[in-house]
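These notes concern the structure reproduced below.
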Amino acid sequence: MTVFSSMVADGHEQVCFFHDPATGLRAIIAIHSTARGPGVGGVRIRHYRDEAEALTDVLRLSEAMSYKAACAGLACGGAKAVVMGPFPADRVAGMHALAGFVEHVGGRYIATEDMGMSESDIARLNDVTRFAVGRSLADGGSGDPSPHTAQGVINGMRSALRAAGMSDDFNGLKVAVQGCGSVGLGVVERLRAGGAVVLASDISETAIERARAAGAEIVANDDILAADVDVLAPCGIGAVLSEQSIPTIRARVIAGAANNQLATDADAARLAERGIVYAPDFVINAGGVINVADEIDPAGYDGQRVAARVAGIEATLDDIFAEAARTGQTSAATALALARSRIVA
Ligand code: NAD
């Protein structure tokens with residue numbers, strides 16, 4: 001793979017490699033699109049096998065951020081940064097070096113949290129650059145994105161239920177939630193408040209206990225995808241919808257928060273062939289980016305505007321499902337086409 005061939009294939013505008021000699025920090029910032037505004041996306045700190053793996057990750061993730069932001073109607077584009085772990089032992093010096101990289105691209109990239117980053121790391125970036133968002137509420141930021149993501153999943157689930165010809169009333173609905181972390185637990189709580197019967201699984205005992213306390217019935221993680229339910233909500237890890245798992249799924253609707261739920265593009269067609277309504281992950285899980293991107297609004301963060309935009313996920317999915325039914329395309333392909341047309345426009 002050459003960098004240019006990948007950039008051309010996926011439409012990336014800019015890819016920057018950085019090295020800070022003082023701390024040894026190595027990072028790549030990929031800006032997919034700034035057509036709708038600055039590229040917003042998290043910083044992911046991971047132990048990559050090699051540079052090629054890091055590059056693949058940052059290109060894929062930044063492209064996905066463009067589509068997520070466009071479907072959410074945000075005036076921003078898509079970008080992402082990856083840091084080749086391990087992070088420098090002097091965390092503050094490492095964050096300041098990283099902030100220097102972010103500053104270098106001059107506002108075309110707005111950094112937020114992703115794997116390996118915390119709210120306090122964002123505050124360290126803000127020591128050096130204003131192009132980092134996701135500050136705590138106490139610091140005048142947008143706070144934890146998870147409740148907004150969970151609410152978006154709930155809103156999107158209603159749309160998916162209607163697209164499947166089912167009632168969008170949660171009372172008595174049976175939902176299986178895989179992964180009960182920050183977002184999954186919020187989904188469980190909201191479903192239970194609406195009267196749904198919730199089956200839940202996780203690989204963490206702490207998460208399981210929290211889900212049980214929220215009123216979920218706990219099932220083995222190996223059994224959750226094939227549970228006899230109306231809705232499956234993958235809220236843990238990606239790639240759970242695969243050639244192997246799809247034939248076993250009994251839910252008629254899939255609506256969850258996890259990123260990259262489809263193992264391959266072909267899995268969207270596999271779901272459609274089985275008559276399963278799939279809410280594209282990058283549309284239904286946009287609540288978090290809607291929340292954090294609001295920090296860059298010139299008038300400052302506005303919780304009411306965020307709530308309205310998160311509510312709007314339902315109408316966006318209504319449009320996507322209607323268009324998919326009209327054209328015979330999968331919901332995933334339809335959502336991608338919508339995102340691309342908004343970026344071009
Ligand atoms: P989290 O780390 O708080 O929770 C993830 C949960 O999934 C944990 O409880 C973990 O134990 C569990 N888990 C991990 N591997 C699992 C497996 N193999 N089977 C079952 N459970 C497993 O993360 P989160 O913030 O709740 O995010 C959940 C998913 O939603 C992720 O895919 C994330 O990328 C995506 N997402 C999150 C947000 C957000 O606002 N936090 C926004 C968009 C997308």
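Structure notes:
- Across Ala132, Ala163, Ala286, mean-square fluctuation computed from a Gaussian network of the chain (C-alpha pairs under 10 Å connected) peaks at Ala163.
- Cα gyration tensor category, rounded, prolate or oblate, for region 82-142 with a/c compared to 1.5: oblate
- Structural descriptor for the chain: relative contact order 16 percent, calculated from alpha carbon pairs under 8 angstrom and at least 6 residues apart.
- Cβ-Cβ distance of Asp297 and Ala9, R₀ of 41 Å, FRET efficiency by 1/(1 + (r/R0)^6): the value works out to about 0.80.
- Electrostatic tally near Ala123: other residues with Cβ closer than 10 Å to its Cβ, Lys and Arg +1, Asp and Glu -1, net -2.
- Against the criterion of solvent-accessible heavy-atom surface with a 1.4 angstrom probe, Leu232, Leu137 sort, most first, into Leu137, Leu232.
- Residue-level accessible surface for Leu98, protein heavy atoms, 1.4 Å, Å²: 0
- Nearest-10 value in Å² for the accessible area of Val292, using the 1.4 Å probe: 20
- Over all other residues within a Cβ to Cβ distance under 13 Å of Ala69, the charged ones net out to +4, with Lys and Arg as +1 and Asp and Glu as -1.
- Of the whole protein surface, Asp139 contributes about 90 Å² of accessible area at a 1.4 Å probe radius.
- Reducing region 51-103 and region 276-309 to their Cα centroids gives an inter-centroid distance of 19 Å.
- Sequence of Ile45, Ile122 when ordered by accessible area, the most exposed leading, probe 1.4 angstrom: Ile45, Ile122
- Simple label model, 7 Å out from Cα along Cβ direction - Glu323 to Ala213, nm: 4.3
- Overall form of region 197-345 per C-alpha gyration tensor (a/c, 1.5; a/b vs b/c): oblate
- Which of His12, His148, His47 is most accessible, then next, and so on - probe 1.4 Å: His47, His148, His12
The values are calculated or read from the model by the stated rules, or taken from the named source; none is laboratory data. Here the structure is a predicted model, which is why all the values come from computation and not from measurement. Here the Cβ is made from the backbone with ideal geometry for all residues, glycine too, and neighbour counts use every protein chain on show. Quick note on the areas: whole protein, heavy atoms, side chains included, nothing else; ligands and nucleic acids left out. Shrake-Rupley method; radii C 1.70, N 1.55, O 1.52, S 1.80 Å.
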